[in-house]
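Quick one: this structure, given as structure tokens, is what I'll be asking you about.
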Amino acid sequence: MATAKRPAARRKTAKPAPAKCPDCDGNGEITEAVRVGARKSRITDDHQTGLCLTCWGTGEAPTD
């Protein structure tokens, strides 16, 4: 009696990498220039980092 054939194993495809956030380039943080002065608001050489509001710090592009 012939042995029963096993079904071919299915290959699992890897999930594609999520797209990077366009605003922070996948870092999750953005840098902003520090402004000084009430009226002229001069830009200084200093920078501060903050959480990217587009991706909320994940670095992945938001899905709509």
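With +1 assigned to the C-beta of every Lys and Arg and -1 to the C-beta of every Asp and Glu, and no other charges, what is the dipole magnitude of the chain about the Cα centre in debye, to the nearest 20?
Once rounded to the nearest 20, the dipole reads 680 debye.
Something else: Mean separation of Cα pairs under 8 Å and 6+ residues apart, divided by the residue count of the chain: what relative contact order is that in percent?
Once divided by the residue count of the chain, the mean separation gives 34 percent.
What accessible area per residue, rounded to a whole number of Å², is obtained for segment 5-64 using a probe radius of 1.4 Å?
Accessible area per residue, segment 5-64: 99 Å².
Given the chain, report the % of alpha carbon pairs whose separation exceeds 19 Å.
60 percent
The values are calculated or read from the model by the stated rules, or taken from the named source; none is laboratory data. The model shown is predicted, which means the values in this text are computed figures rather than measured ones. With ideal geometry, Cβ positions are generated from the backbone for all residues, glycine too; neighbour counts draw on all protein chains shown. Surface areas here come from the heavy atoms of the whole protein model, side chains and all, with no ligands, DNA or RNA. Shrake-Rupley method; radii C 1.70, N 1.55, O 1.52, S 1.80 Å.
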